[in-house]
1. Checking L90 against (1) modelled with pLDDT under 90; (2) out of contact with any strand residue (DSSP E or B) (no Cβ under 7 Å at 6 or more places or on another chain): exactly one of these is not met. Which one?
2. Which one of these is in a helix (DSSP H, G or I), in contact with a strand residue (DSSP E or B) (Cβ under 7 Å, 6 or more places away or on another chain) and among the hydroxyl-bearing types (S, T, Y): Y23, Y48?
3. Filter the range 26-39 down to the residues that are surrounded by fewer than 18 Cβ atoms within 10 Å (Cβ to Cβ), touching a residue at least 12 places away in the same chain (Cβ under 8 Å) and not in a loop (DSSP other than H, G, I, E, B) and list them by number.
4. Those residues that are in a strand (DSSP E or B) and either within 26 Å of L17 (Cβ to Cβ) or in contact with a Gly (Cβ under 8 Å, 6 or more places away or on another chain) (or both), I need them from the range 64-89; list them, please.
5. Going through the range 86-100 one residue at a time, which ones are of a type in the set (A, V, I, L, M) and surrounded by fewer than 16 Cβ atoms within 10 Å (Cβ to Cβ)?
6. What residue, of L90, L150, L144, L116, is without any contact (Cβ under 8 Å) to a residue 60 or more places away in the chain and within 15 Å of the chain's Cα centre (by Cα)?
Amino acid sequence: MSATAVTGLTVPLDLRLRIADLYGAYADALDDGDYEAWPEFFLGDCLYKVIPRENFERNLPIAPIYCESRGMLQDRVVALRQTAVFAPRLVRHLVGVPRIRALDAAGIRVTASFVLFESMVDQPSQVFLCGKYHDLVVEDGDALRFAEKLCVYDSTIIPTSLVYPV
């Protein structure tokens with residue numbers, strides 16, 4: 001069975017469900033603090049950026065977080081666990097319905113809005129970061145993985161505590 005989006009793109013329903021599951025599992029892993037599992041959502045040769053919308057729209061490469069491989073993502077996890085000094089906090093992801101934009105030779109182009117909420121023990125919860133994922137998802141054996149994940153945040157100012165994966 002296939003479903004046709006308003007844009008006219010026909011995508012098999014099972015692929016839509018697999019992509020929705022990928023995004024749900026990604027958010028769950030991060031929300032549960034399972035950062036060691038985070039790099040496994042990506043190909044070995046991948047691109048992960050957390051970048052302001054202004055730079056993204058102007059095709060400027062400057063991003064506060066820029067990783068070009070799963071190994072670099074794993075290094076971020078080690079830094080987060082062992083070397084970073086910051087006040088403990090809980091971050092929750094709210095991810096919109098993934099929207100399949102294109103199916104091409106490179107893979108599946110997907111966007112989804114995101115909001116991250118931050119909770120600290122002695123403060124009320126607050127919006128930490130919001131924006132849109134611009135992703136390239138590919139089949140890797142029997143799993144879907146991110147070849148590219150661009151986390152484009154809306155504000156030009158980011159919180160100083162951007163230590164967790166988006």
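1. Of (1) modelled with pLDDT under 90; (2) out of contact with any strand residue (DSSP E or B) (no Cβ under 7 Å at 6 or more places or on another chain), only one is false for L90: (2).
2. Exactly one residue qualifies, and that residue is Y23.
3. A27, D31
4. none
5. Passing the criteria: A87, L90, L94, V97.
6. After applying the criteria, what remains is L116.
The values are calculated or read from the model by the stated rules, or taken from the named source; none is laboratory data. Predicted, not measured: the structure shown is a model, and the values here were computed from it. Heads up, the Cβs are rebuilt from the backbone with ideal geometry, glycines too, and the neighbour counts pull from every protein chain shown.
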